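The structure appears below as structure tokens.
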Amino acid sequence: EGVGPQEYTGVKMEVVQWSPEAEALISNKVGNRKVFLVAATLRPETMYGQTNCFVGTGIKYGVFAANDQEAYVVTLRAARNMAFQGIITPRGNIEKLAELPGATLIGTKIKAPFSVNPEVYVLPMENVLATKGTGVVTSVPSDSPDDYQTLLDLRKKPEFYKIDPSWAALDPTPVIETPTYGNLIAAALVKKLKIQSQKDTKQLAEAKEITYKEGFYNGTMIIGEFKGEPVQEAKNKVRDAMIKAGLAFPYAE
Ligand code: A2H
């Protein structure tokens, strides 16, 4: 981080059913376009295990026209970057079709490309930064300690987070096997570092560091087209397959 551009994968998650709050704000503003929430991830190889998608309830999102057929839900900052990278057209220009406060997105149902779970729900995460990526995060609780701990928090206090418990019902799916931490590395590290909630940001940063290195250097895929291959080799293959299928695109910042 901090040195040179970060190469993310923009994962396209098509809206299947808006929450009533978002539906009211969208009404007829997107025309015939398909609308996608777009998450920025550094771990495209983990998408088989997506169980949810996270947004920040205090973050402002827009619905931006990508072209005549598609629109993307991201922050204005990300839309600007995408326009300059030629991802949304016309180049360098942006068309905002609607505005959605993050809180209104909670409960929206979206497709989860490549996941064993075809459809998942949008949920709130406290530590989503408006200044990173698209402001939308795919939740992969098998391999991300932040995602795993957030899922535990949401299950423990659904009323506090204003969610229907059924939206947080999907359990982590093993995606990567590691020699030291097994196939649910996020849960193993949350336990080992005695993390109690998503507010334990210092320990979560440490857990994230270990998970990332362990998964990348010592992990083996145990699901999907590249099952049996080291994560180091599978990572870009999964990414390329998603891009080829029209379900993802390269995004840098
Ligand atoms: B990663 P870096 Cl399985 N706010 O994707 C907070 N976090 C954000 C974000 C934002 N605005 N945008 C993206 N992210 C998350 C998968 C994943 C990720 C796994 C394991 C580790 C991991 C599923 N969530 O990240 O600061 C996204 O979560 C640990 C590196 O640019 C993205 O990749 O290095 C990662 O943080 C990018 O973080």
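Read the figures in this text as sums done on the coordinates, not as results from a lab. Here the structure is a predicted model, which is why all the values come from computation and not from measurement. Because the Cβ atoms are built from the backbone with ideal geometry, glycine has one as well, and the counts that use them run over all protein chains shown.
Here are the numbers for this structure:
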item	result
Per-region count, the range 193-233, residues farther than 28 Å from Ala245 by Cβ and free of Cβ contacts under 8 Å to residues at least 12 places away in the same chain	7
Matching strands (runs of 3 or more DSSP E) fully within the range 94-164 where at least 2 residues are touching a Ser or Thr at 6+ places or on another chain (Cβ under 7 Å) and hydrophobic (A, V, I, L, M, F, W, C)	119-124
From the options Val38, Val63, Val73, Val30, residue that is in contact with a strand residue (DSSP E or B) (Cβ under 6 Å, 6 or more places away or on another chain) and closer than 15 Å to Tyr8 by Cα	Val38
Criterion: farther than 28 Å from Pro174 by Cβ, away from the ligand (no atom under 15 Å from the Cβ) and not in a loop (DSSP other than H, G, I, E, B) - qualifying residue of Val63, Val73	Val63
Any hit, the range 204-221, residues being assigned to a loop (DSSP other than H, G, I, E, B) and aliphatic (A, V, I, L, M)	no
Every residue from the range 92-103 that is under 17 Å from the mean Cα position of the chain (by Cα) and buried (at least 18 other Cβ atoms within 10 Å of the Cβ)	Gly102
Exclusive hit being surrounded by fewer than 17 Cβ atoms within 10 Å (Cβ to Cβ) and away from the ligand (no atom under 16 Å from the Cβ), set Lys199, Lys191	Lys191
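Results for (1) within 14 Å of the ligand (Cβ to nearest atom); (2) aromatic (Phe, Trp, Tyr); (3) within 15 Å of the chain's Cα centre (by Cα), shown as yes or no for each residue.
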position	(1), (2), (3)
Ile106	no, no, yes
Glu119	no, no, yes
Thr134	yes, no, yes
Val137	yes, no, yes
Pro141	yes, no, yes
Asp153	no, no, no
Pro158	no, no, no
Val175	yes, no, no
Pro179	no, no, no
